[in-house]
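Shown next, in structure tokens, is the structure this report addresses.
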Amino acid sequence: MVSEKSNRSEKEIVYLITAIQFIHVLDFMMVMPLGPDFAKALGMEKSLLGFVGGSYTAAAALSGFIGSQYLDRFDRKTALLYALLGMAIGTFLGGFANSFATLIMARIIAGFFGGPSQSLAYSIISDIIPAERRGKAMGIIMGGFSIASVLGVPAGLELARLGSWRMPFFAVGALALMVLYLIYKRLPSMILHLNGEQSKGTAIFQNSKIWLSFAMISAVFMGNFVLIPNLSAYLQFNAGYPREKLGMLYLMGGIVSFFILRIAGRAVDQFGSTLITFFATVLLQFILFFGYFYETPHIPVIVMFVGFMFAQSIRNVSTNTLSSKIPKPAERARFQSLQSAVTHLACAIGAFLGAWLLKEGPHGELIGIQKLTVFSMTLCLIVPAFSYFLEKKIVK
């Protein structure tokens, strides 16, 4: 039985972690819809936008591998504060970029610190929320993604439209510093995991559940990010969607995701991850085929975009809730850091692959979107199988 005081404390920490998720997602997401804007300002081809997103995720992958060796040795609060500070600095630097190369360097710095901030956030939630209630908590935390879509991305697009593409970078950097202050003032010290037995060397890799989790997460995010960095350019130059209405599209997608994430989290607790993952996969296959397989979409843009966010949100809750049940308390930051590294490496590979396969047409349209969609759909199909076998191992 959870006491009222304990319940209040849990809720406060969940909301603090949601704020971190909001900043992390916004810092990462805002670059993609702004891509055509800074591509024009910096004189780069739109088909290279995948390298900007990929540099962030590649750096986050590297720091995830490094962090897996050290993060469980420290107070989670202290480590989180340093990670947020580094991410804020990298984001501010993005606003001062004056070339493709300097923008890439700024995103590498932001990604290097952004990756550990997310893995530490998930470790804290796994520390304080029992497994049987974690789906609901994950649904709330991943609501940070929706809030970033509902408020952050449209606001960033509007700032860029009214002022400059640099303004969203400065705004997100300032928000990161505000969240850092809240974490410093309100988050208690998190050191209980230090009392557990620390696994050493490569012991964590001997757990077959971890390999299944990494394979599942890799399929999810590589399939996502072969498409995601190119969505803004595809919508504007292939589907003919107006730039001035792009913020409204993200707003609508975010609102839908915000509500479905809470429902999905409770559904995962009640029905298990695999069933919910299977449902999301069927929906996602439909959206990918009719929305992205052709040079121009065969369904309305709003259905295509909002449906994509809807299905991805459900699948993200189910897969992340399942993987959070694997590590022991003393291994959680190590596991989450490794999983963050795998996630961001998968995102980087997907983003780089998208940039490599796409070409820019004479009118700015993207040529080759079918190849990316087939790749995404293929990876999408194998995710429920990984979830099924992983869930069987966990419930034994």
Handout entry: Ellipticity estimate at 222 nm from DSSP helix runs (n ≥ 4, -39,500 (n - 2.57)) divided over the chain, nearest 500
Key = -25000 deg cm²/dmol
Exercise for the section: For percent of Cα pairs over 41 Å apart, several values are listed as [x] 8; [y] 49; [z] 19; flag the one computed from this structure. Expected result: [x]
Fill in the blank from the handout: Checked against the positive end of the charge dipole of region 276-396 (+1 on Cβ of Lys and Arg, -1 on Cβ of Asp and Glu, about the Cα centre), the farthest of 279, 339, 309 is 339
Problem - Amide proton proximity set for residue 358, modelled H, under 5 Å, gap of 5+ - result: none
Completion exercise
Measuring from its Cα centre, the chain shows a charge dipole (+1 at each Lys and Arg Cβ, -1 at each Asp and Glu Cβ) which, in debye to the nearest 20, is 740
Problem - Backbone HN-Hα couplings from phi across region 80-90 [Karplus 6.51/-1.76/1.60, Hz, Gly and Pro as x] - result: 5, 4, 5, 5, 5, 5, x, 5, 4, 5, x
Handout entry: In order through region 275-282: 3J(HN,Hα) via Karplus (6.51 cos²θ - 1.76 cosθ + 1.60), integer Hz, x for Gly, Pro
Key = 4, 5, 4, 4, 4, 5, 5, 4
Exercise for the section: Quick one: compute the contact order of the chain, relative version, from alpha carbon pairs under 8 angstrom and 6+ residues apart, as a percent. Expected result: 29
Practice task
Pull up all non-local amide H partners of residue 366: gap of 5 or more, or a different chain, and H-to-H distance under 5 Å with H placed in the peptide plane.
Solution key: 238, 361
Handout entry: Using θ = phi - 60° and Karplus 6.51 cos²θ - 1.76 cosθ + 1.60, couplings along region 92-106 (whole Hz; Gly, Pro as x)
Key = 4, 4, x, x, 9, 4, 10, 7, 4, 5, 6, 5, 4, 5, 5
Practice task
Considering the options 225, 350, 258, tell which one lies farthest towards the positive end of the dipole of the chain, charges being +1 on Lys and Arg and -1 on Asp and Glu at the Cβ, about the Cα centre.
Solution key: 258
Completion exercise
Too long for a 29 Å Cα-Cα cut-off, among 77/393; 209/359; 328/392; 371/392; 40/77, are 77/393; 209/359; 371/392; 40/77
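Every number in this text was worked out from the coordinates using simple rules, so none of it is lab data. This is a predicted model, so every value here is computed, not measured. FYI the Cβ positions are ideal-geometry reconstructions off the backbone, even for glycines, and counts take in every protein chain you see.
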